[in-house]
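*Asks:* If you scroll down you'll find the structure; I have some questions about it.
The values are calculated or read from the model by the stated rules, or taken from the named source; none is laboratory data. These numbers come from a predicted model, not from an experiment. Neighbour counts are summed over all protein chains in view; Cβ atoms, including those assigned to glycine, are modelled from backbone coordinates with ideal geometry. The area values use the complete protein model at the heavy-atom level, side chains included, leaving out ligands, DNA and RNA. Shrake-Rupley method; radii C 1.70, N 1.55, O 1.52, S 1.80 Å.
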Amino acid sequence: MKFSLPTFKHPDFSMDNLKNAPECKFLSAPADFVAPEYYHATTIFPEYFKHGGEWLLAKESRMDSVAVLENGKIQVREFRNIKKGDLVATGRTEDGSEGIYVHPDCFSEAAEEEDSPQESFVFRQGRSRETAFSIDYDYLYELLKHERDNGYIVWVMGPACSFDADSRNAFSMLIEKGYVHALLAGNALATHDLEGAYKNTGLGQDIYTQESIPNGHYHHIDTINRARLHGSIEKFIEAENLDNGIIYTCVKNKIPMVLVGSIRDDGPLPGVIEDAYEGQEAMRAELKKATTVIAMASVLHTIAAGNISPMYRFTDEDTVRPVYFYTVDISEFAANKLADRGSLSAKSIITNAQDFMSHLGKVLGD
């Protein structure tokens, strides 16, 4: 299976509904952080706004934000970043009738699939534990090989990814081989992975045998405490001579890590961002570069990353490509939840995160 990027297709603006569409109305924001009444909320899809007789495409987007006209271009802005006087697009329709057009079927593959005949009665259209994922894996292998040199692969990981020796080794290999360009996670993933390097345990269990160690419930807070003594994750790794694991390999290879805390964190580790909006901005800085996102075993971080990520990306002034988004979880509910939150282009794989990483490691490690 040879991977190739699908072609982006702009809408046919000669169609009557778009050719004769009115101009989009932009109204001034009445105050900081406040949108005008009847504001238009953005989606994950490419969106065009008619202004001065031209259809302007927002080059960077995210859902649940507003479109602001600034210097003749469309800027997508979160509500918390609205400033009084910003010219905000208004309109609640998406078919051009208010000068706004949302274009979900923008890539040739999606358009061709829609043109092909579909039977009305078919089995197993959902993605569940009964789904056969062989073709998904084969496609993902080729996608990652392409993206290693031509894209920006962002991984979103929950703590379960660090509880197994084989999966930690597999992911470390993926980092070494160039398949990881950024890591987004919380305090827990970093803590338990560093615990694995420092104490050979994950939440007090041996990372290979899964045997509970006496006083093992101290190990994760011992790890945090020691890291805080040294002042940073990097200094902790150096001072304690740690030589394995996900975080160690990221530090070794200078892979950007965004660690964002939550209300239930222990510690947290030094370097974990404790302010939610500061953390979201740091995540978005990496996701604005992402061309492929793989989110595993972390419902809240997965949804956060999905809500920030559009389904397209400009690679230069004129070239648009898709952003591929995968969710991986043993729970059908967790893996499919992102689509329920508006990220309709996300593809789910229902499997154990450790098995998933080991599977990728065996194929991509050669």
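*Asks:* Cβ-Cβ below 9 Å, separation at least six or inter-chain, first residue in the stretch 205-217 and of a type outside the set (Val, Ile, Thr), second loosely packed, with under 12 Cβ neighbours inside 10 Å: which pairs?
*Replies:* Listed by first residue and then by second, the contacts come to Gln205/Glu211.
*Asks:* Still on this structure: Sort through Lys73, Lys9 and tell me the only one that's free of Cβ contacts under 8 Å to residues at least 24 places away in the same chain, closer than 30 Å to Glu147 by Cα and of a type outside the set (A, V, I, L, M). Working first, answer last.
*Replies:* Working: Lys9 fails: free of Cβ contacts under 8 Å to residues at least 24 places away in the same chain.
Lys73 is the lone residue from the list that is free of Cβ contacts under 8 Å to residues at least 24 places away in the same chain, closer than 30 Å to Glu147 by Cα and of a type outside the set (A, V, I, L, M).
*Asks:* Tell me which residues, restricted to the stretch 275-285, are touching a residue at least 40 places away in the same chain (Cβ under 8 Å) and open to solvent by less than 20 Å² (accessible area, probe 1.4 Å). Spell out the reasoning first.
*Replies:* We begin by selecting, within the stretch 275-285, every residue touching a residue at least 40 places away in the same chain (Cβ under 8 Å); these are 277, 283-284.
Within the stretch 275-285, just Met283 meets the criteria.
*Asks:* Looking only at the stretch 223-240, decide whether some residue is surrounded by 21 or more Cβ atoms within 10 Å (Cβ to Cβ) and assigned to a loop (DSSP other than H, G, I, E, B).
*Replies:* Filtering the stretch 223-240 down to residues surrounded by 21 or more Cβ atoms within 10 Å (Cβ to Cβ) leaves 223-224, 227, 233, 236-237.
Remaining after also requiring assigned to a loop (DSSP other than H, G, I, E, B): none.
No - not one qualifying residue is present in the stretch 223-240.
*Asks:* Quick one: which of Val272, Val251, Val320, Val260 is buried (at least 16 other Cβ atoms within 10 Å of the Cβ) and under 25 Å from Tyr141 (Cβ atoms)?
*Replies:* Val320
*Asks:* When you check Gly196 against the structure, is it assigned to a loop (DSSP other than H, G, I, E, B) and of a type in the set (Gly, Ala, Ser), yes or no?
*Replies:* Spelling it out, it is not the case that Gly196 is assigned to a loop (DSSP other than H, G, I, E, B) and of a type in the set (Gly, Ala, Ser).
*Asks:* Now for a separate question. Any idea how many residues of the stretch 165-176 are among the charged types (D, E, K, R) and either buried (at least 23 other Cβ atoms within 10 Å of the Cβ) or closer than 15 Å to Leu242 by Cβ (or both)?
*Replies:* So the first thing to find is which residues in the stretch 165-176 are among the charged types (D, E, K, R), and the list is 166, 168, 176.
The next check asks that each one be either buried (at least 23 other Cβ atoms within 10 Å of the Cβ) or closer than 15 Å to Leu242 by Cβ (or both); those that pass are 168.
Matching residues across the stretch 165-176 total 1.
*Asks:* Sticking with this one: Here's a check for you: in the stretch 54-100, which residue that is at positive phi and in contact with a Cys (Cβ under 7 Å, 6 or more places away or on another chain) is surrounded by the most Cβ atoms within 10 Å (Cβ to Cβ)? Spell out how you get there, then give the answer.
*Replies:* Initially, the stretch 54-100 is screened for residues at positive phi, giving 64, 71-72, 85, 91, 96, 99.
Applying the additional criterion that residues be in contact with a Cys (Cβ under 7 Å, 6 or more places away or on another chain) yields 91, 99.
Working: Gly91: 19, Gly99: 22.
The selected residue is Gly99.
*Asks:* Please verify whether the stretch 14-22 includes one or more residues that are among the hydrophobic types (A, V, I, L, M, F, W, C) and touching a residue at least 60 places away in the same chain (Cβ under 8 Å).
*Replies:* Here is the first cut: in the stretch 14-22, the residues among the hydrophobic types (A, V, I, L, M, F, W, C) are 15, 18, 21.
Filter once more, so that each one left must be touching a residue at least 60 places away in the same chain (Cβ under 8 Å): 18, 21.
Within the stretch 14-22 (the criterion being among the hydrophobic types (A, V, I, L, M, F, W, C) and touching a residue at least 60 places away in the same chain (Cβ under 8 Å)), the answer is yes, since at least one residue qualifies.
*Asks:* Given the conditions (1) surrounded by fewer than 20 Cβ atoms within 10 Å (Cβ to Cβ); (2) within 23 Å of Ser262 (Cα to Cα), report the number of the one that His301 does not fulfil.
*Replies:* So the condition that His301 fails would be (1).
*Asks:* Please go through (1) open to solvent by 40 Å² or more (accessible area, probe 1.4 Å); (2) at pLDDT 95 or above for Lys2 and return the number of the only condition it doesn't satisfy.
*Replies:* It is condition (2) that Lys2 fails.
*Asks:* Looking for something modelled with pLDDT under 95, part of a helix (DSSP H, G or I) and in contact with a strand residue (DSSP E or B) (Cβ under 8 Å, 6 or more places away or on another chain) - is there at least one such residue anywhere in the stretch 115-136? Break it down stepwise before answering.
*Replies:* Going residue by residue through the stretch 115-136, those that are modelled with pLDDT under 95 are 115-136.
Pick out the ones that are also part of a helix (DSSP H, G or I) and you get 115, 134-136.
Okay, now just the ones that are also in contact with a strand residue (DSSP E or B) (Cβ under 8 Å, 6 or more places away or on another chain), so 136.
Yes, the stretch 115-136 contains at least one residue that is modelled with pLDDT under 95, part of a helix (DSSP H, G or I) and in contact with a strand residue (DSSP E or B) (Cβ under 8 Å, 6 or more places away or on another chain).
*Asks:* Based on what the data block shows, is Ala346 small (Gly, Ala, Ser), in contact with a helix residue (DSSP H, G or I) (Cβ under 8 Å, 6 or more places away or on another chain) and open to solvent by less than 40 Å² (accessible area, probe 1.4 Å)?
*Replies:* yes
*Asks:* Here are some conditions: (1) modelled with pLDDT of 95 or more; (2) crowded, with 23+ Cβ neighbours inside 10 Å; (3) touching a Leu at 6+ places or on another chain (Cβ under 8 Å). Tyr179 meets all but one. Which one does it not meet?
*Replies:* Against the list (1) modelled with pLDDT of 95 or more; (2) crowded, with 23+ Cβ neighbours inside 10 Å; (3) touching a Leu at 6+ places or on another chain (Cβ under 8 Å), Tyr179 comes up short only on (2).
*Asks:* Among the residues of the stretch 211-222, write down those that are among the hydrophobic types (A, V, I, L, M, F, W, C) and either outside any helix (DSSP H, G or I) or modelled with pLDDT under 95 (or both). Give the derivation first.
*Replies:* Residues of the stretch 211-222 among the hydrophobic types (A, V, I, L, M, F, W, C): 213, 221.
Passing the criteria: only Ile213.
*Asks:* Right, here's the next one. Scan the stretch 319-339 for residues that are touching a residue at least 60 places away in the same chain (Cβ under 8 Å) and of a type in the set (Gly, Ala, Ser) and jot them down.
*Replies:* Ala335
*Asks:* In this structure, is Ile207 surrounded by 20 or more Cβ atoms within 10 Å (Cβ to Cβ), farther than 29 Å from Glu60 by Cβ, in contact with a Leu (Cβ under 7 Å, 6 or more places away or on another chain) and not basic (Lys, Arg)? Steps first, please.
*Replies:* Details: surrounded by 20 or more Cβ atoms within 10 Å (Cβ to Cβ): yes; farther than 29 Å from Glu60 by Cβ: yes; in contact with a Leu (Cβ under 7 Å, 6 or more places away or on another chain): no; not basic (Lys, Arg): yes.
No: the conditions fail for Ile207.
*Asks:* I'm told Gly196 meets every condition in (1) on the phi < 0 side of the Ramachandran plot; (2) in contact with a Lys or Arg (Cβ under 8 Å, 6 or more places away or on another chain); (3) open to solvent by 10 Å² or more (accessible area, probe 1.4 Å) except one. Can you identify the failing condition by its number?
*Replies:* So the condition that Gly196 fails would be (3).
*Asks:* So, one more: Somewhere in the stretch 257-264, is a residue farther than 16 Å from Ala190 by Cβ, free of Cβ contacts under 8 Å to residues at least 60 places away in the same chain and of a type in the set (Val, Ile, Thr)? Full working, then the answer.
*Replies:* From the stretch 257-264, those farther than 16 Å from Ala190 by Cβ are 263; that's our starting set.
When the remaining residues are screened for being free of Cβ contacts under 8 Å to residues at least 60 places away in the same chain, the result is 263.
Then drop every residue that is not of a type in the set (Val, Ile, Thr), which leaves 263.
Yes, that holds for at least one residue.
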